[in-house]
Each structure stands twice: as structure tokens, then as C-alpha cells.
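Below is one structure, written out as C-alpha cells; the observations come after it.
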Amino acid sequence: MLKKFIIIFTAMFGCLLAVPTFFPNAAKHFPSFIQPINLGLDLKGGAQMLLEVDTDVMFREKTVQLYDTTRAALLSRDKGLVRFSDLRMQGASVSVVIRDPAEVSKARGRLRSEFGDSVDITAAGSTLTVSYSERQKAKMVDDALNRSVEIVRRRIDALGTREPSINTQGGRYIMVQLPGVDNPERIKELIGQTAKMTFHLVNENVSREQMASGRPPSGTEFMPLIDDETQLLPVYTRVEVSGEALVDSQASFDQNNMPVVTQVFDSVGARRFARLTTEHVNERFAIVLDGKVLSAPVIREPILGGRGQISGNFTVQSAKDLAVLLRSGALPAPLSVIEERTVGAGLGADTIRAGSAGAIIGVIFVMMFMLAVYRGFGLIANISLMVNMMMIVGVSALLGATMTLPGIAGIALTMGMAVDANVLQFERLREELRGGSSPLRAIDAGFDRALKTVLDANLTTLICALVLFQFGAGPIRGFAVTLSIGILTTLFTCVLLSRTIIDLYMNGKNKKIGFVKIR
């Protein structure tokens, strides 16, 4: 009896989860974890953007790192100095001339131990050329794509957008779907910023003549101010503290009630920031975001707590946006919007109405067929069918899944499989009754013998759904999620719930099953 109670309670709870979806006004009477299912872009309307990862910029930055590491490896005092000349970047590779031909092999071994298998090293006389291997380049692109997806997701989630769909496409593209977003301009602006923050010292020794010539001295770079790009500030190219050391950033207000952005460094960043502010008191340092100077305050006293503050001509909203960017992290490569679409909510409403009408008509015909063929058992099948549909919607809402058109197709397919499972069981029951078995024996034998077939059919479909989810993307994954949930609820309703209802009707007695038509 306990088993029957648990089955009935589970079915009722599954149906209860779907109530806010079918009756949105009732959602306020339910706990926070029982909410309506989220509708996808094709049903709710919203914005869709296709982003491209600029791998060319990423490879240029990686080549600079390759240059610096190559130089440091050859100048290593611990391993012995290798004299060289004409170290330069050539496209995506770095070339260097080893002065002593006898040290070419030594230099090559030094670089190989430094980079491992991530680079290809070729020698032409005394000239070594170092470039990333194709395998390493593919790994960099894949890593940049995955990191970009995660960072874009964090930035969008920070804005409170519900259920965005963010997936990779084609090896260098990211598809972003934002249900319910009518004006994606602010989101585009946040997504498009690389948000690479660095801290540099200001070179106060640059003369006006040098500034006017536009030719900075060695080790210095002229950077524009973010609020006035016509004004340039001479800053040392050396990065004193990187924004990668930030662990938190929030919008706040200073003592003058002006918007500022606070920042908290990790332990390594805190030590570097403390050393910077201790060794350069009364000097200016520049806070640089994506190659533009946010502000260049004077260091009045050492900052030792690992906490800093960025001030500037911020509005409350711009301070919040910058805090979101810094908190979510810098993109490994710039993103550009190459395609943008806006889907009207009216299209989604029309689709829902048309889909609902089609589903209702289909379910009515199926239920009429089951009643005509199986009489009272057809009624039981129809009850389990309706509970199954309610449980699919309810469980999907509980898990935070997003309902899309492919998801509705998954529900339709699940309904067909559920009917098929009931047909298999009832046909086996008929055979037992024709063979002269008593009603109770016929029910036991019919359900038990059909169980293996029902399990085989549903589990093989579940395997296909899991494969689609693992290797598919976008709509395919939505279809796979709904189908997977539907298979599990089908096994529950058709195998357990139907049998429980029949057992409750029979109540352990050999009642005449006159409502099962035997041809």
C-alpha cells in the first residue's frame, strides 16, 4: 500500500508543478521553486545575436607573449646566457639570430624545454623561427571560445536576463538568444567590450615636443583618455598589476557621493598593488581599460589592504556596467556582432496558439481512439497520458529548462510513445484473457510480459536523446532535453501509474473486466 501511495503522490506532485505554467495567475500562490516554465526565443520573442571571436587579435597578443618568453629564455642567467640579435616578430612567429653558430643547438634546446610541444622551432643557419603549432593554435581557439561563452554568460546573468541561450557554433562563433529582450543595445555594448584592465605608471618625463610628434620614447605608449580620445597620456608599457588579479568589483559612492567602482585583488594582486603604491608615492599611475585610460590618480599613500577605488566621470549606470565587466573577467579575444535579429512576441504568441490547438486536437483524437478500442482501460490510459504531459511540463519547469518549438515536438513524440506503451500492455492483457486466465492473473502476466518491450523501446530512445544532447546545439539540445524527461515520465505513468490505478480498481479481487473489449 505504501508503494501505491508514493506513486499516486508523485503523480499529483508532478501535476502540481505544471499548474503555474497553464495558469500563470496562480504562480503567486506557489513556493518560489514552483514557477511557470521559461519560454524560448521562438515562443516568447526577444533578441538573437551571432558573435564572432576575433582570433587574429588573440594570436597577435599570443605572439607578443611568444616574443617575451623567447627573449627571457635566451637571457636566462640561471641556465646560461645565449647571445643573440635581431629578435623580431614576423606575423604569427618570432625569429631570432644566434650570434655564435655553435650555440644554435643549445638555444633550440632551451626554447624546446621552455615551450614544450606547443611550438614549432625551425632553423635556417643561425636563425631560429618559433611559432605555435597547429595543434596548439586549435587548442587556443577552442579555449578562447569556451572562455568567451562563460564570460558572456556571466555578464548577461549579472543584468538579470532570464534564461539566455548561449552556445558555440562553427568553431569561432557564439549564438546568443535573449528571450523577452526588446532592446539589446546595452547588452551588445557589454558583450562587445573586452574589459582587459591593466595598471601602468605614468611617464612624467615625456616632453611636449615628444607628445606633439606622436613618437613615444622606448618603453612608453601614448594612450587616449576614455572620455576624451583626443587627449593622450604617456604611460609605461610595463604592466604593474593586471586586472586578472581582481576577484570582485562593485559600484559604490565616494565621500563626495559620486559614483565610483571598488575593486578587490587576490593575494598576488594585493601584494603587487601594495608594492606599486608603496614605491611610487606622489606619482601617478594609469588605470587602463581596453587600451584607454579610465583615470590617472596620484598615489597619496600606500594601499596595503588589496582594495582599490576607480573614480572618474561615472554615472550610476556606467559604474554598474563597469563593475559587471570587471567582475565577469576579460574576454580572451574581442567579440563582434555579425548578425542580429529581433523576434516579435506576437510571432511567439501565434505559435503557441497554433501549437496548442494542434496538440489539443491530436490528444482528443488519441483519447477517443483509446476509449473506443479499450473501453475502461482506455480511460485509464488517457488519465496516465494527461498526467504524463503535465509531469513533462512540471519537471521541465522545476529543472529550469526552456520550452522551445523543438521542445514541443519532443512532447508530441513522447505522447505517441506513451500511447504505444499502453497499447503493448493492454494487448498482452487481452491475450492472457483469451487464453482463459483469471482477471488478476491476466493483469499480472500482461504487464510483466510487456515490461521488457516497453523498457527496451524507451531506453534505446533515451540513449539517442542523450547523444543528441551531448553533441547537438541550440534547438537540437532543447528537443533532446524534453524527450529525455518525457521518456522517464512515460515509464513512470505507463508502467507504474497505470498499473496502480488498475490495482486500486480490482482491490485484490477477480472482478469481471467487462470494460475490456475482446475481439
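Details
- Ranked from largest, the principal axis spans of the Cα set of the stretch 192-312 equal 39, 31, 29 Å.
- Rounded to the nearest 20 debye, the dipole magnitude of the chain is 2120 debye, with +1 charges on Lys and Arg beta carbons, -1 on Asp and Glu beta carbons, and the Cα centre as origin.
- Binned Cα-Cα distance frequencies in the stretch 429-471 - 5 Å width, integer %: 5, 23, 17, 12, 11, 9, 8, 7, 5, 2, 0
- Compactness of the stretch 226-269, expressed as Rg and Dmax over alpha-carbon positions, Å: 14.1, 37
- Packing, taken as the mean count of other beta carbons within 10 Å per residue, orders the peptides 44-54, 329-339, 448-458 from highest to lowest as 44-54, 329-339, 448-458.
- Computed across the stretch 277-326, the Kirkwood hydrodynamic radius from all distinct Cα-Cα pairs reaches 12.2 Å.
- Hz values of 3J(HN,Hα) by residue in the stretch 83-95 - Karplus curve (6.51, -1.76, 1.60), Gly and Pro given as x: 6, 8, 8, 6, 7, 8, 9, 10, x, 9, 10, 10, 10
- The smallest convex shape that holds all Cα atoms of the stretch 35-167, its convex hull, gives 148 Å³ per residue.
- A compact globular protein would have a Cα radius of gyration near 2.2 N^0.38 Å; the ratio found for the stretch 164-225 is 1.92.
- DSSP-defined beta bridges in the chain - what % are antiparallel, rounded to 5: 95 percent
- For SER76, residues with placed amide H under 5 Å, excluding near neighbours: VAL82
- Once the Cα atoms are used to define both axes, helix 316-328 deviates from the longest principal axis of the chain by about 80 degrees.
- From the largest down, the stretch 438-499 spans 52, 17, 9 angstrom on the principal axes of its Cα atoms.
- Principal semi-axes in Å for the chain [√(5λ), Cα gyration tensor, largest first]: 65, 29, 19
- Checked against a 21 Å cut-off, the cross-linked pairs LYS62/LYS320; LYS4/LYS509; LYS188/LYS292; LYS62/LYS196; LYS4/LYS28; LYS139/LYS188 give Cα-Cα distances beyond that limit for LYS62/LYS320; LYS4/LYS28; LYS139/LYS188.
- Taken about its Cα centre, the stretch 56-173 carries a charge dipole of about 180 debye when Lys and Arg each add +1 at the Cβ and Asp and Glu each add -1 at the Cβ.
- Once the Cα gyration tensor of the stretch 356-439 is diagonalised, semi-axes √(5λ) in Å: 30, 14, 10
- For the stretch 6-98, the mean projected area of the C-alpha convex hull, equal to one quarter of the hull surface, is 14.7 nm².
- Rg and Dmax [Cα atoms of the stretch 61-133; Å; Rg one decimal, Dmax integer]: 10.9, 32
Any read-out appearing in this document is the output of simple, stated calculations on the displayed coordinates, not a laboratory observation. All figures in this text were calculated on a predicted structure; none of them were measured in a lab. Every residue, glycine as well, gets a Cβ built from its backbone with ideal geometry; the counts of neighbours run over all protein chains shown.
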